[in-house]
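Q: Below are the structure tokens for one structure; questions will follow.
The values are calculated or read from the model by the stated rules, or taken from the named source; none is laboratory data. A quick note: this is a predicted structure, and the numbers were derived from the prediction, not measured. Cβ placement follows ideal geometry from the backbone for every residue including glycine, while neighbour counts extend to all protein chains displayed. Ligands, DNA and RNA are excluded from the accessible area calculation, which covers all protein heavy atoms including side chains. Shrake-Rupley method; radii C 1.70, N 1.55, O 1.52, S 1.80 Å.
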Amino acid sequence: MNSPEKTDLTNCDVEPIHIPGSIQPHGCLLACDETATEIVRCSENAPSMLGLDGPPIGRELNAVVGRELSHSIRNALTRSRDGGGSSLLFGMAGPNGGRFDIAVHRFKGAAIMEFEPAEHDVAEPLELSRTMLGRIASIASTEKLVANSVRLLEAMLDYDRVMIYQFEPDGSGQVIGEAKRTHLESFMGQYFPATDIPQQARELYVKNPIRIISDANFKPIPVVPVLNESGEPLDLSFAHLRSVSPIHCEYLRNMGVGASMSISIIVDGALWGLIACHHYGPRTLSMAERVAAELFGEFFSLHLNALRHKQSLDASASARAALDGLLQQAVQVQDINALLRSRLSEFARLIPADGVAMWLDGKLTVTGTTPPESAIVDLARFATTVAEGHIWATHKLSDIVPDAEAYSDLASGMLVVPLSQRPGDYVMYFRREVVQTLNWAGNPEKTYETGPLGDRLTPRKSFAIWKETVRRQSKPWTEEERQFGEAARAALVGVILEHSELLADERSKAEVRQRMLNQELNHRVKNILAVIKSLVTHPTGDGETLETYVEALRGRIQALSVAHDQVIRGDGGGGLIDLLEAELLPYRSEKNTINLEGPDVWMDARSFSIMALVLHELSTNAAKYGALSRPGGHLDVVWKIDDTGACDIKWTESGGPAVEPPSREGFGTVLINRSIPFDLGGESNVAYESDGLKAAFRIPSRHVSLRTAARAPSQPSSIEQPGERNQQLLSGRRVLIVEDQMLIALELEQILEAAGIHVVATFGSPRETLAFLSANPLPDAAILDVNLGDATSEEVAAFLVENKVPFLFATGYFDSSAIPQPFSDVPIVRKPYSEEAILSKLDKLLSGQLPQGGPDPDGLPGQPLADGR
């Protein structure tokens, strides 16, 4: 999509690269509605590449690409995850008889299909990838993993240059691995600023882990229409063929690069770096080759993450061993200060740094690269203003201490570790200016072509700009380094205290704190166990089944768990409105009204736990028997703080079924009526009035407080809820599945089992199905995929009709013309499956609303099923 203003270096960070309105020319694109029924967009080259007889927009997919291919595409869409990676089809016959590799995915209400000519057999690249994974699986160091991976990728993909970039916390990056043709200059060690890869591009690298540019000089192929009827462009965030920013293409051309591919390195869900492949001429990878490269990238990321964690543990163990050795010696000497000064080199092993200084008892000891001694004395005085009993660190020292600019080449970063609770004694770690530590293998005299966007976008200029952006800065201190510095501080303080007259007093205070902590912990654990014991051992009511008992127990313990999670995360309690919204969220819909109104009341830990159980009982009862159990129901929860500081809560239900007092007092009723008075000293009154339950509670002021102004009334949720079904009718029913695609069958099994339906068996062929039906009790119903590879389910359907077993047909075709003529009146569900469609049809089928041999009220034979079923 073309931006209304020209995109240049001043605004590239807001360029909408996910909606370019065009694709690259080595493939074509079709976009349908979400059900893959009607084509609503296409790339301008689609008719010629697919051999179509005219523009495809407005036509049905099966009419354009053929019924068999459209069926395969819909099955692939069923396997894909909305807003995720594509499902792939290899070597499929297109409308013109040619073979295509096809990537399909769903995103933002569109089903997007990308066609690329099939040029390679899928087996060879995947076998090569498997071999490569075996080559790096046993590598035990990050450096060797990076070095071997770039060489393997260069050999596998035949690009002229393969590099691995690593990103710094500020977004800048460095080339840490490279394999290239011998005549090319090296970029090894090169740094580039964060602005070279805009933020929106980094976000797409996380969503779509592989990106290819087949020709940096390509002419974009427009996708038409640019905007849909709602005025929205087509979002190509997950598309393989998505067009590329002209700025990035200019960057490549400035280096003479004709084609590129990037593979994301994602570690712990974040973009750690990139594998970048450059070729000095056009180069197109087949879809199979890209899949192999993507698999390698994912395995590389996982292996890298494992090695990083191992290296972190090894470094921590080494540092801990050094610290432990120091502490063991410290407790045995008379002059602790002299020992610490003599072991300064061991301090240097604790945290990576260029130099270390110790200012202890007015004396200075240094090792490595440090500022001048007079400057260190000033820094020690400065440390007393910022390191108040804890570590303090910066990687931009001159920004905070202006005089530090004079020696920024020696120390641009500083981490301070206090040696005592009293200010004055410190260990100071220093890091040099980062540009002073560079070791770049590139040719400093190399020049590059300057394009119309200027010479900014070249490796040399990017490197120069990066150096300017990091002047007077060191490598940042990581969170892990800060944590270890804090651990070292705590350990050293303890050792020094042992050699002071304050030691006995500190020990006494620590013992008292530990004893109080243990007593409080013991008290809380016993209380929690007692509550859970009471929940588990309460007597069951007459007629209560094990299932209903377990369901109620699970809900109560879950409510208690949520409450205790909030108590731990918060200040020992939680908000009333947060608790109400959490308990009522599952029951909000457009069919009922839930109104919450009152000030922001904070409850302490005791009242929060009690109210979690009470509100859980009220909410589940309202959903099962009260106002939230039928359309039109209304629930009002209003609360206020009165003049005494107590909180009054009113729970009012209306518009539901008639209410009668319970014939017996069950455990839930006991919780509602007695827990607040008994545990909190408050009040609880419940009235079972004919138009709905009404309850009033009072929490004493010692358990609540008012934190903010009154909160506005909550608005009814607009969350869509599934249509009403007879859950009791479906629960326990026995259903047979006939489906030849295992992943699709597993998805269908999960939908049915989640609704309480028992799947008696799943088969992929008519022969196995008929053998099972002949030897076992018949199911209550069946779901039959129409096409089973080289066969159909017609024989199974005939058997079920003969034995009066109701069934549904499932198909990926657009209409019901694929249904054999004798069964044209059988109800249909369409792929991709919808949970609501499946369960709604089964509900109607089993209740007799869809008699076999009669018309389906949701769709006419031979006509499109408009609701997607």
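Q: Say the dipole of segment 602-707 comes from +1 at the beta carbon of Lys and Arg and -1 at that of Asp and Glu; which of 684, 703, 663 then lies farthest toward its positive end?
A: Result: 703.
Q: Something else about it: Accessible area, 1.4 Å probe, largest first: how do 384, 620 sort?
A: In descending accessible area the options line up as 384, 620.
Q: Then there is this: Using θ = phi - 60° and the Karplus relation 6.51 cos²θ - 1.76 cosθ + 1.60, list the HN-Hα couplings for segment 779-795 in order, rounded to whole Hz, with x at every Gly or Pro.
A: x, 6, 6, 9, 10, 10, 6, 5, 9, 10, x, 8, 10, 10, 8, 4, 5
Q: From the Cα trace of segment 353-409, what convex hull volume per residue do you get, rounded to a whole Å³?
A: Each residue corresponds to 91 Å³ of Cα convex hull volume.
Q: Would you check the accessible area of residue 492, probe 1.4 Å, heavy atoms only, in square angstrom rounded to 10?
A: For residue 492, the solvent-accessible surface is approximately 0 Å².
Q: Another question, if that's okay. Sorting check: for 692-704, 137-149, which peptide has the highest mean count of neighbouring beta carbons within 10 Å, and how do the rest follow?
A: 692-704, 137-149
Q: Follow-up. Mind listing the phi-derived Karplus ³J(HN,Hα) values for segment 369-374, rounded to whole Hz, using 6.51, -1.76 and 1.60 with θ = phi - 60°, and x for any glycine or proline?
A: So the J values, rounded to whole Hz, are 8, 9, x, x, 4, 4.
Q: Need the full-extension length gain, residue 643 to residue 696, defined as separation in residues times 0.36 nm minus the C-alpha distance. One decimal, nm. Show your work: numbers first, answer last.
A: On the way: separation 53, 0.36 × 53 = 19.08 nm, distance 1.73 nm.
Result for the pair: 17.3 nm of gain on full extension.
Q: Going by the alpha-carbon gyration tensor, a ≥ b ≥ c the square roots of its eigenvalues, is segment 262-418 rounded (a/c under 1.5) or, if a/c is not under 1.5, prolate (a/b greater than b/c) versus oblate?
A: In terms of gyration-tensor shape, prolate.
Q: Quick one: length gained pulling residue 267 to residue 600 fully straight, 0.36 nm per residue minus the C-alpha distance?
A: So the chain would gain 115.9 nm between residue 267 and residue 600.
Q: Filter 144/180; 591/844; 396/475 down to the pairs with a C-alpha to C-alpha distance above 19 Å, please.
A: 591/844
Q: A further question follows. R0 = 22 Å: FRET efficiency of residue 99 with residue 768, Cβ-based, nearest 0.05? Could the numbers behind the result be given before it?
A: Values: r = 32 Å, r/R0 = 1.46.
After rounding, the FRET efficiency stands at 0.10.
Q: Given the protein chains as shown and a 1.4 Å probe, how many square angstrom of residue 799 are accessible, to the nearest 10?
A: Accessible surface of residue 799 is approximately 50 Å².
Q: Taking only protein heavy atoms into account and a 1.4 Å probe, give the accessible area per residue of segment 367-425 in Å².
A: That works out to 47 Å² per residue.
Q: Whenever you get a sec, line up 182, 367 from highest to lowest accessible area (probe 1.4 Å, protein heavy atoms). Could the numbers behind the result be given before it?
A: Values: 182 135, 367 50 Å².
Heavy-atom accessible area, descending, gives 182, 367.
Q: At a 1.4 Å probe radius, carbon and sulfur cover how many percent of the accessible area of segment 98-185?
A: 50
Q: Full extension from residue 309 to residue 471: what is 0.36 nm times the residue separation minus their Cα-Cα distance, to one decimal in nm? Walk me through the intermediate numbers first.
A: Working: separation 162, 0.36 × 162 = 58.32 nm, distance 3.07 nm.
Fully extending the segment from residue 309 to residue 471 adds 55.2 nm.
Q: Ok, one more. Dividing the alpha-carbon radius of gyration of segment 725-801 by 2.2 N^0.38 Å (N being the number of residues), what value is obtained? Write out the running numbers ahead of the final one.
A: Values: Rg = 12.3 Å, N = 77, 2.2 N^0.38 = 11.5 Å.
Compared with the compact-globule rule of thumb, segment 725-801 sits at 1.08.
Q: Kirkwood hydrodynamic radius, computed over distinct alpha-carbon pairs, for segment 57-215: how many Å, to one decimal?
A: 19.0
Q: By the gyration tensor of its Cα atoms, with a ≥ b ≥ c the square roots of the eigenvalues, what is the shape of segment 163-286: rounded for a/c under 1.5, prolate for a/b over b/c, or oblate?
A: Taking the square roots of the gyration eigenvalues as a ≥ b ≥ c, segment 163-286 is oblate.
Q: I need two numbers for segment 117-166: Rg to one decimal and Dmax as a whole number, Cα atoms only, in Å.
A: 12.6, 40
Q: Over segment 600-655, one equal point on each Cα, no solvent: what is log10 I(q)/I(0) by the Debye formula at q = 0.16, 0.18, 0.23, 0.29 Å⁻¹?
A: -0.59, -0.71, -0.95, -1.15
Q: First measure r as the distance between the Cβ atoms of residue 405 and residue 342, then evaluate 1/(1 + (r/R0)^6) with R0 = 56 Å and state the FRET efficiency to the nearest 0.05.
A: Plugging the Cβ-Cβ distance into 1/(1 + (r/R0)^6) gives 0.95.
Q: For the pair residue 217/residue 707, report the inter-label distance in nm, with labels modelled 7 Å from Cα in the Cβ direction.
A: Taking the two extended label points, one gets 6.3 nm.
Q: Hey, another quick one. Starting from the residue with the highest accessible area, list 205, 688 in decreasing order, probe 1.4 Å.
A: Reading off the accessible areas and sorting them downward yields 688, 205.
Q: Right, next: Enumerate the calculated ³J(HN,Hα) couplings along segment 611-623 in order (Karplus 6.51 cos²θ - 1.76 cosθ + 1.60, θ = phi - 60°), each rounded to whole Hz, writing x wherever the residue is Gly or Pro.
A: Per residue, the Karplus-derived 3J(HN,Hα) values read 5, 4, 5, 5, 5, 5, 4, 5, 5, 5, 5, 5, 6 Hz.
Q: Quickly work out the residue 378-to-residue 585 label distance, labels modelled 7 Å from Cα along the C-beta direction, and quote it in nm with one decimal.
A: It works out to 5.4 nm between the two label points.
Q: Now for a different question. Nearest 0.05, what FRET efficiency do residue 170 and residue 33 give at R0 = 35 Å with Cβ-Cβ as r?
A: FRET efficiency, residue 170 to residue 33: 0.20.
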